[in-house]
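A.B. asks: This is the structure I want to talk about, given as structure tokens.
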Amino acid sequence: MRACKLTILPLIVLGAVLAVSLRAQTTDSPANLPQHDGSHDFDFLIGDWKAHVRRLPDRLNNSNAWVEYDGISNHHKVLDSNANFEQFEVTSTDKKLHIKAQTLRLYNPATRQWSIYLVDLDNGMLDTPPVVGGFSGKRGEFFHQETLKGRTRGGRVHDDSSAPEDSCRSGF
């Protein structure tokens, strides 16, 4: 009889340990769930792309006159790290307007967020503060503030990596 109790006691202890470890992984305790490593969230953009852009140049005036542009967008990793750099160049369909831009994306593993800086190479400046955020699944949400016509406003950018393999959607 005593041998039976000794065999059952380890099973009860093992069951209790398993129950506690399984409980720690439930949504009741989200801090114990594995965190998403977002350091590769922008890998889907790496490469050379054709770019098509719709831009509303006269914002905050109830304007609905959009200008369309076509060109290139090249994304490359920086020094084999999680950071990446974009070179972007487009021309309006009527060939009158031209946009040249660069973007630096940096991943912070401590906050699990990306900081996206617009780079002005012609004037040697980074646009600060950066656009900051991350991905949940295949959808990215990034937030920023900008001053336009003397008014500070918040903005939100969406990146969608679930677009077809040969395209990517992004918008404000």
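The values are calculated or read from the model by the stated rules, or taken from the named source; none is laboratory data. The structure displayed is predicted, hence computed values, not measured ones. Neighbour counts run over all protein chains shown; Cβ positions are idealised from the backbone, glycine included.
A.B. asks: Pairs please, first residue from the stretch 53-65 and under 18 Å from GLY150 (Cβ atoms), second anywhere and outside any loop (DSSP other than H, G, I, E, B) and among the basic types (Lys, Arg), Cβ atoms under 9 Å, 6+ apart in sequence or on different chains.
C.D. replies: LEU60/ARG151; LEU60/ARG153
A.B. asks: Among the residues of the stretch 103-134, write down those that are within 16 Å of ASP37 (Cα to Cα) and either of a type in the set (Gly, Ala, Ser) or in contact (Cβ under 8 Å) with a residue 40 or more places away in the chain (or both).
C.D. replies: Those that are within 16 Å of ASP37 (Cα to Cα) and either of a type in the set (Gly, Ala, Ser) or in contact (Cβ under 8 Å) with a residue 40 or more places away in the chain (or both): ARG105, TYR107, PRO109, ALA110, ARG112, GLN113, TRP114, SER115, GLY133, GLY134.
A.B. asks: Could you list all residues from the stretch 40-58 that are touching a strand residue (DSSP E or B) at 6+ places or on another chain (Cβ under 8 Å), among the aromatic types (Phe, Trp, Tyr) and not in a strand (DSSP E or B)?
C.D. replies: Residue satisfying the conditions is PHE42 alone.
A.B. asks: Ok, one more. Could you go through the stretch 57-71 and let me know if any residue there is of a type outside the set (Lys, Arg), surrounded by 15 or more Cβ atoms within 10 Å (Cβ to Cβ), in contact with an Asp or Glu (Cβ under 8 Å, 6 or more places away or on another chain) and modelled with pLDDT of 95 or more.
C.D. replies: Checked the stretch 57-71: at least one residue is of a type outside the set (Lys, Arg), surrounded by 15 or more Cβ atoms within 10 Å (Cβ to Cβ), in contact with an Asp or Glu (Cβ under 8 Å, 6 or more places away or on another chain) and modelled with pLDDT of 95 or more.
A.B. asks: May I ask you to list the residues in the stretch 129-147 that are polar (S, T, N, Q) and over 12 Å from the mean Cα position of the chain (by Cα)?
C.D. replies: Hits for the stretch 129-147 are GLN145, THR147.
A.B. asks: A follow-up question, please. Can you pull out the residues in the stretch 89-142 that are basic (Lys, Arg) and surrounded by 15 or more Cβ atoms within 10 Å (Cβ to Cβ)?
C.D. replies: ARG105, ARG112
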